[in-house]
Amino acid sequence: MIETRAPGKLFIAGEYAVVEAGQPAVLVAVNRYLTVRLTESSDAGRVHSEEYGRAPLVWMRDDSGEGIVIEHQPYDYVFAAISVVERLRSELGLAPRYFDLRIGSELDDASGRKFGLGSSAAVTVAVISALDEFYGLSLTRTERFKLAMLATIEVAPKASGGDLAASTFGGWIRYTSPDRGALHAHLAVHGVAATLTATEWAGCGVTRLAPPGSLELLVGWTGSPASTERLVERVRGPHLDAHERYEAFVDDSRALVDRLTASLRDDERSVPDAIRGARALLQGLGSISGIRIETEKLSALCDIAERHGAAGKPSGAGGGDCGIVFAGPDSDPAGLLREWEAHDIRRLSLSVHPASGGIDAF
């Protein structure tokens with residue numbers, strides 16, 4: 001049996017703008033995981049996951065032995081990950097094999113509601129890692145990230161890939177996104193192996209950041225799952241008669257991420273102010289787009305943080321899910337958490353998943 005796992009993530013700053021090619025965000029990987037267990041099989045492959053119900057989803061190969069035929073054809077990240085690795089395997093001339101996958105997740109609560117910690121990215125990264133080991137591909141960490149990106153854009157063409165980078169590399173990172181449309185077009189014409197080294201990755205990158213040792217990161221969950229893909233689509237929709245204001249938001253987001261990066265490197269005391277600036281940017285984006293990024297509970301989460309001497313903001317696309325808070329030596333985390341509880345905001349006990357391996361040049 002092969003077992004792999006991938007951590008969840010939190011966006012610290014740069015949400016929404018990062019979907020534009022070359023735009024940056026800051027993320028951190030967290031110590032809740034999605035686990036994949038792979039065993040070889042002979043007659044067919046099966047995927048066991050609560051996402052598919054009680055019975056496994058069965059897949060087989062077509063008459064050529066190369067293509068995947070799936071019962072009920074779910075258009076999701078698991079089978080996108082399987083498909084992209086199978087294409088690479090075929091291009092490398094390796095023999096096809098059957099396998100079963102069992103998927104377990106710590107990225108949702110007991111009722112199945114997602115915390116907003118990047119379960120789609122984590123399952124993509126974990127499946128690709130398991131198949132890398134199964135087929136003996138000896139992929140670098142960067143190659144696994146790139147495969148995860150190619151799989152993801154088959155399902156969500158506008159996904160930034162920041163969550164994939166956090167799940168792949170761990171720790172604190174500054175991430176910039178590639179041109180996914182260009183990658184998708186190159187993949188369709190040239191195949192997987194050629195796309196892994198294509199110039200279309202220009203502008204994409206991951207840089208490690210030092211964690212803020214003097215600040216405590218607190219994470220609150222509103223209990224309301226949100227759809228990142230839907231929110232991003234609505235923010236970037238045709239209503240943008242405010243196009244110039246959106247472009248200004250993207251420019252301001254880059255400047256804010258650069259400011260936060262410098263604060264993490266040189267002066268942790270200025271991190272809370274950068275977090276407040278990131279919150280204000282998201283509030284402004286919600287105003288120009290007409291989208292409620294900061295829900296009532298997210299507003300309460302952040303305002304409570306301010307009352308107790310800390311700084312908070314939504315993490316990710318907003319509309320529910322999680323908020324993050326940075327509490328310094330002069331803040332009152334205990335009082336903050338009591339007030340969260342009174343407002344039915346659940347603290348998620350999370351710490352940073354450590355940085356893993358090196359980062360190759362893109």
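Sorted largest first, the spans of the alpha carbon positions of the stretch 216-348 along the three principal axes are 44, 36, 20 Å. Length gained on full extension, Glu229 to Ala255, computed as 0.36 nm times the residue gap minus the Cα-Cα distance: 6.9 nm. Subtracting the Cα-Cα distance of Asp267 and Arg97 from their residue separation scaled by 0.36 nm leaves 56.0 nm. Hydrodynamic radius of the chain by the Kirkwood approach over all distinct alpha-carbon pairs: 21.0 Å. Of the residues Cys204, Cys322, the one with the fewest other Cβ atoms within 10 Å heads the list, and the complete ranking is Cys204, Cys322. With the simple model of a label 7 Å out from the Cα in the direction of the Cβ, Ala44 to Met60 spans 0.7 nm.
Taking Cβ atoms as reference points and 10 Å as the exclusive limit, the residues near Ala280 contribute a net charge of +2, counting Lys and Arg as +1 and Asp and Glu as -1. Rounded to the nearest 20, the Cβ-based charge dipole of the stretch 2-209 about its Cα centre (Lys and Arg +1, Asp and Glu -1) stands at 580 debye. Counting each DSSP H run of 4 or more residues in the chain as -39500 (n - 2.57), what helix-only mean residue ellipticity at 222 nm follows after dividing by all residues, to the nearest 500 deg cm²/dmol? My calculation for the chain gives -12500 deg cm²/dmol from helical runs alone. Footprinting exposure proxy ranking of Glu15, Glu91, Glu154, fewest other C-beta atoms within 10 angstrom first, gives Glu91, Glu154, Glu15. Shown here for the stretch 27-117: chymotrypsin sites (Phe, Trp or Tyr not before Pro) in loop regions (DSSP other than H, G, I, E, B) with at most 13 other Cβ atoms within 10 Å, namely Tyr75. If the reach is capped at under 13 angstrom between alpha carbons, list the aspartates and glutamates near Lys114, excluding any in the same chain fewer than eight residues apart. In chain and number order, the partners are Glu50, Glu51, Glu106, Asp321. Let a ≥ b ≥ c be the square roots of the eigenvalues of the Cα gyration tensor of the stretch 108-264; is it rounded (a/c under 1.5), or, if not, prolate (a/b larger than b/c) or oblate? Verdict is rounded for the stretch 108-264.
Within the stretch 2-209, the proportion of C-alpha pairs whose separation exceeds 21 Å stands at 50%.
Where a number appears in this text, it was derived from the coordinates with a stated rule and is not lab data. These figures come from a predicted structure and were not determined experimentally. Virtual Cβ from ideal backbone geometry, glycine too; neighbours counted across all protein chains shown.
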